[in-house]
2 protein chains.
Amino acid sequence: MVRLRDVAAHAGVSIRTVSNVVNDFQYVAPSTRARVQASIDALGYRPNVAARNLRRGRTGLLALVVPEIDSPYFSDLAARTVRIAEDDGWTVLIDQTDGDAGRERRLLHGERSQLVDGVIFSPWSMSAEELASRQDATPIVLLGEHAGAPPVDHVVIDNVGAAQEAVEHLLAGGRADIAALGVQPALGNETAHQRQLGYRRALSVAGQAWRADREAPVTSLHRAEGHRAMSELLATGDRPDAVFCFSDQLALGALRAVVDAGLRVPEDIALVGFDDIEDGRYSIPTLTTIAPDKDRIAELALQVLRDRLAGDDSPARVLTAPHRLVIRGSS
Amino acid sequence: MVRLRDVAAHAGVSIRTVSNVVNDFQYVAPSTRARVQASIDALGYRPNVAARNLRRGRTGLLALVVPEIDSPYFSDLAARTVRIAEDDGWTVLIDQTDGDAGRERRLLHGERSQLVDGVIFSPWSMSAEELASRQDATPIVLLGEHAGAPPVDHVVIDNVGAAQEAVEHLLAGGRADIAALGVQPALGNETAHQRQLGYRRALSVAGQAWRADREAPVTSLHRAEGHRAMSELLATGDRPDAVFCFSDQLALGALRAVVDAGLRVPEDIALVGFDDIEDGRYSIPTLTTIAPDKDRIAELALQVLRDRLAGDDSPARVLTAPHRLVIRGSS
DNA sequence: ATGAAAGCGCTAACAG
DNA sequence: CTGTTAGCGCTTTCAT
């Protein structure tokens, strides 16, 4: 192993100077810098991460905790977070909770707390109160809405506004009977709740009243549930002419159900999803959707952690990432 | 932060003894151990990972490099690897290459080499020769077959035998005209090649000759490709009465195509997949498949790394994990 | 602009 | 069975 001192000896300087070069410090004479860099290259020097971490009191590791990594939305978000964090010198550890409260709890308290400098957490089962009562000193930032705005930093998108835009787009296209697919009364999920709110608000603005039989509940956000819920909507005979789905996965399941029923999208039924997952760009027809700015979500989360690690102890922040309506073939 | 010395002072022993307790060393008097443990709990002591790593010359981190994490097979394998490695005291960093050769190369050489103690690598684009020519001292173990058995440790399953079993199962069920779906001539993928070999061998044993028009090629292992390839097989009019698919994803796509064509599975066409992914347990009908022992794959890979890190410099090993045929509704 | 040196918290060799 | 202590390689204060 090549150490700082080896490079120093090779370049004929002190290790202090080599360290300065490695860490891009100012105040190193250009000639010295060049000489040191040449030695670094010649010897193939790589800083020892463990030693650096010990000295700095940091591990350089962040944890990204998500319910499931094999869902298009989270895997996309994870991939972006990893890439963006990398540019910033962080390494991201991805943890999957399967929505299990016990595992969420274990990852949050202790367990990893010595290993990572910060945590980006997309909770599923844990309540806002429990999250807020965390003792650990490791900074944490939450992804997604949570009822009652807990005293913890979190990054969100304007779900109410986005849902409203989606529905207004359908209304603008001449659709008069729009259903919502993805309501989650049982799960008490705040994100779903907000999208439902936006849906109703759009109807209200258009002078329509919302109807309970036009809000299809689901028990998960998976494709199969979208298929099931849509099939039920169609089974009544009194079918809507457009459906706003709370996720692209649900929308793709719904799309299949519409086709299975011998109807056409968007002619008979227009469809709008949420998330902008890859599959929606290749479905037939392609899927209109709300695209949250995932890069921005990752950037904001990292920004908060960086600030907190730098000692920022201002009150918990709520950061909103932008989104946009992407109009494609299904509407 | 609570340090070893704080615990030592609190318990009235030396840090050596505390270290012994923390590391589960033998030769600590039960009474002493209890007292020290009490102090650890009372103070909430957590070992400093960076210091330990520096001292041990290890990071405690392993990298798992896969083409894509959002594929059911790899996400399942990754989840198991993470869990099993955890029991062993390792933390696993998951890296996705998207099958991109440049990214594979970067992850393999340098980049992370200072950060992890070992690498479990499931290559996609890189050739065996290139993998073998790696200079890095960090031990690596490859997942999956590679032509020419490169001088690198790897963990495989008996793809030829497994494929043969799958086809023999179909033959035993009275199927006489069995197609193979998933051939990859263009990609030069060794795994696909071996499954093709097993398919042909089973036919040969049954006294049948293989036919080029019964081997459907694909350009990826995704569901959509399975759908496309199956649709083409059906379009000829001369349809087979069973299809052995080289992955469950392909099989699920194929299943859809059969249903779309107004045919029934398994009555008109029997289907067998490969991988035993979750979805195959819930499809209609459920999917018969070859189930590689993923836990065992992870265990073997970790075993090799552990041995190599312990100084084992014997010639490269090829370890074979078991598999079994899981018969379900589709055959 | 560069050098000397302390010390981050831990493990393990050495001593008893 | 337990104590003492030397570093692991690096960053950074203090000095020049």
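The values are calculated or read from the model by the stated rules, or taken from the named source; none is laboratory data. Quantities reported herein were computed from a predicted structural model and do not represent experimental measurements. We place every Cβ from the backbone using ideal geometry, glycine too, and count neighbours over all the protein chains shown.
Within segment A:199-224, the residues that satisfy the criterion of being of a type in the set (Gly, Ala, Ser) and either within 14 Å of A:Ala242 (Cβ to Cβ) or within 14 Å of chain B (Cβ to nearest Cβ) (or both) are A:Ala202, A:Ala206, A:Ala216, A:Ser220, A:Ala224.
Among the candidates B:Asp260, B:Asp295, B:Asp276, B:Asp268, the residue that is surrounded by fewer than 16 Cβ atoms within 10 Å (Cβ to Cβ), under 27 Å from B:Ile140 (Cβ atoms) and not hydroxyl-bearing (Ser, Thr, Tyr) is uniquely B:Asp295. If we scan segment A:153-172, do we find a residue that is at pLDDT 90 or above, small (Gly, Ala, Ser) and closer than 30 Å to A:Arg308 by Cβ? Yes: one or more hits.
Is it the case that segment A:62-78 has a residue that's under 24 Å from A:Ser314 (Cα atoms) and more than 17 Å from the chain's Cα centre (by Cα)? No: zero hits. Checked against (1) surrounded by fewer than 20 Cβ atoms within 10 Å (Cβ to Cβ); (2) in contact with a Lys or Arg (Cβ under 8 Å, 6 or more places away or on another chain); (3) under 26 Å from B:Ser75 (Cβ atoms), A:Asp177 meets all criteria but (3). The single condition from (1) assigned to a loop (DSSP other than H, G, I, E, B); (2) at pLDDT 95 or above; (3) aliphatic (A, V, I, L, M) that A:Ile284 fails is (2).
Taken over segment A:9-59, the criterion of being of a type in the set (Ser, Thr, Tyr), within 30 Å of B:Val49 (Cβ to Cβ) and near DNA strand C (Cβ under 9 Å from one of its atoms) is satisfied by A:Ser14, A:Thr17, A:Ser19. Pairing each residue of segment A:12-39 that is at pLDDT below 85 with any residue that is among the small types (Gly, Ala, Ser) and within 9 Å of DNA strand D (Cβ to nearest atom), provided the two are 6+ apart or on different chains, yields C-beta distances under 8 Å for A:Phe25/A:Ser19. A search for C-beta distances below 7 Å between a residue of segment A:44-73 that is without any contact (Cβ under 8 Å) to a residue 24 or more places away in the chain and any residue that is among the small types (Gly, Ala, Ser) and within 13 Å of DNA strand C (Cβ to nearest atom), counting only pairs 6+ apart in sequence or on different chains, returns A:Ala50/B:Ala50; A:Asn53/B:Ala50; A:Leu54/B:Ala50; A:Leu54/B:Ala51. Which one is farthest from DNA strand D (Cβ to nearest atom), of the residues in segment B:32-64 that are over 19 Å from B:Asp117 (Cα atoms) and among the small types (Gly, Ala, Ser)? Taking the candidates together, the pick is B:Gly44. Counting only strands (runs of 3 or more DSSP E) that sit wholly inside segment A:22-129, those with at least 1 residues that are within 13 Å of chain B (Cβ to nearest Cβ) and surrounded by 15 or more Cβ atoms within 10 Å (Cβ to Cβ) are A:61-66, A:91-96. Just one of the listed residues (A:Ala29, A:Ala8) is hydrophobic (A, V, I, L, M, F, W, C), within 13 Å of DNA strand D (Cβ to nearest atom), outside the structural domain of A:Gly89 (by TED's automatic domain parsing) and more than 43 Å from the chain's Cα centre (by Cα), namely A:Ala8.
Go through B:Leu305, B:Leu309, B:Leu271, B:Leu300 for me and flag whichever is assigned by TED's automatic domain parsing to the domain that holds B:Leu131 and at pLDDT 95 or above.
It is B:Leu300.
Within segment A:11-21, being surrounded by fewer than 15 Cβ atoms within 10 Å (Cβ to Cβ) and either more than 13 Å from DNA strand D (Cβ to nearest atom) or outside any helix (DSSP H, G or I) (or both) holds for A:Gly12, A:Ser14. For segment A:60-73, the criterion of being more than 10 Å from DNA strand C (Cβ to nearest atom), more than 23 Å from B:Leu93 (Cβ to Cβ) and of a type outside the set (D, E, K, R) is met by no residue.
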